[in-house]
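Quick notes on the structure that follows.
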Amino acid sequence: MTLTLGVDIGTYETKGVLVDPEGTVVAVARTPHEMIVPRPGWAEHRPEEDWWRDFVTVTRKLLAEPGVTADRIAAVAVSAIGPCMLPVDADGAPLMNGVLYGVDTRAMAEVAELTDRIGEETILERCGNALTSQSVGPKILWLRHNRPELYAKAAKVLTSTSFLVHRLTGEFVIDHYTAANFSPLYDVGEQGWCFDLADDIATREMLPRLAWSTEIAGAITETAAEATGLRAGTPVTAGTIDAASEAISVGLRDPGDMMMMYGSTIFIIGLTENRVRDPRLWYAPWLFPGQHASMAGLATSGTLTHWFRDQFARELTGEGVFGQLAAEAAEVPAGAGGLLFLPYFSGERTPIHDPHAKGAFFGLNLTHGRGHLYRALLEGIAMGTNHVVETYDAVGARPSRVLAVGGGVQNAIWLQATSDLSGLPQEICRTTLGASYGDAFLARMALGEAEIDDIARWNPVERRIEAQDAPDLTRAYPLFRRLYEQTKDIAREVSE
């Protein structure tokens, strides 16, 4: 029985999985890495160590499992955090660290410059997205402005997934869903690269070939086979961003479906009948021709639980640290005793797109303890998520089904607060491995051995979170919104 290999590079961890044709997980491997923050507003990964070495590590671990051999692996699919910006030379060697997705806000001057030069309406109409910290185009222009010697050496500009695909196959390929984040270099109507909006960012030769996510990009080279242990000639798909693979893994397939990913960040993907045009949200063609996706994401979510643990729970040890913190928070009623929390530790992405936004605890008094703080943190993330849901409501794209996935689904307070505030039930599938599992399914589709509806058989819904009445929480939500509005000017001045 053949297997498909899915590997996903996340913000803090790389995960690989081998899956059989019925969706049964045969083996799983993980390895951690770190996000580098060299200065406030910057976020980076090391491509050789955090992307390629991690891929090799988890693949070698999987191949060491009993009964697993390279000749059993029929296809490989990869996903990774995105959109990232990585200049490489003609051989695909990185020229610097990879600049991460919207949590990296270094190119905001270029965002303003390009928006002023091209015009907001033109950018939204042609590219489907307002220029924000999520956009790759301004980050390439930042490279040209601030690292001209590296820009001059750049033969290609890749993202995390396309770097891995090149390292495996020797091909420079990027999927349409990821490419749509290269605004203003991708025309969503034409579904192709465009250079007439800003011809000083990159040339056509600098950008990878476009493909759909289930297209075969190439095959494992002899060099990649020697490094990874995979069989030379094994087909590799074009891949995609991790959130898209994660959405596939839990059955996102029809208009009205929404994936809510509880990871290092909250990331949301909603499938819609038609293209959504709104600067508060992101748009991209979905992984398959003729389908539309509307996206949103917070800048920091699960990352904040790690920050809280490291700063306020250093005495707690072992794997159950987050369980202990959750138990303390569970002793506090909803509303966290009047505490409000702004989760804007790396600015904020959707829907406010404010790189100067700041994190804050507000309303502290002498009765508050660690449990109050941790509950307020979880509820603050849920409030930020509800702000996004309200934006979907405003553009007529309220979901008919929400699929929750990611490590955060193990956190009952976080999950319940999100449903209570939004009024949306959430479905959780049997397998919550995430993007790597979705990659393995996409690899099976690329072989022509699965259709999108088969994912419901691979990964059925196992439980459902119903929205409950939480008056203290819902009363706090308007105050959360007002707290940001009334402090955003102060936050900007602090940044400056």
Look at the stretch 191-231 and say how many of its residues are assigned to a helix (DSSP H, G or I) and crowded, with 21+ Cβ neighbours inside 10 Å. 2
Between Ala336, Ala313, Ala376, which is small (Gly, Ala, Ser), buried (at least 16 other Cβ atoms within 10 Å of the Cβ) and touching a Phe, Trp or Tyr at 6+ places or on another chain (Cβ under 8 Å)? Ala376
Of the residues Arg53, Arg39, which is over 18 Å from Gly82 (Cβ atoms) and either assigned by TED's automatic domain parsing to the domain that holds Thr300 or in a helix (DSSP H, G or I) (or both)? Arg53
Could you tell me whether Ala75 is under 27 Å from His306 (Cα atoms), touching a residue at least 12 places away in the same chain (Cβ under 8 Å) and in a strand (DSSP E or B)? no
Filter result for the condition that a residue is under 24 Å from Trp51 (Cα atoms) and modelled with pLDDT under 95, over Ala247, Ala225, Ala243: Ala243
Filter the stretch 159-184 down to the residues that are part of a helix (DSSP H, G or I) and among the hydrophobic types (A, V, I, L, M, F, W, C), then identify the one that is farthest from the chain's Cα centre (by Cα). Leu168
Residue check for Gly384: in contact with a helix residue (DSSP H, G or I) (Cβ under 6 Å, 6 or more places away or on another chain), surrounded by 22 or more Cβ atoms within 10 Å (Cβ to Cβ) and assigned to a helix (DSSP H, G or I): no
Answer yes or no: is there a residue in the stretch 232-251 that is charged (D, E, K, R) and surrounded by fewer than 17 Cβ atoms within 10 Å (Cβ to Cβ). no
From the options Leu281, Leu230, residue that is within 16 Å of the chain's Cα centre (by Cα) and touching a residue at least 60 places away in the same chain (Cβ under 8 Å): Leu281
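The values are calculated or read from the model by the stated rules, or taken from the named source; none is laboratory data. The model shown is predicted, which means the values in this text are computed figures rather than measured ones. Methodologically, a virtual Cβ is constructed for each residue, glycine included, from the backbone with ideal geometry; neighbour enumeration extends over all protein chains shown.
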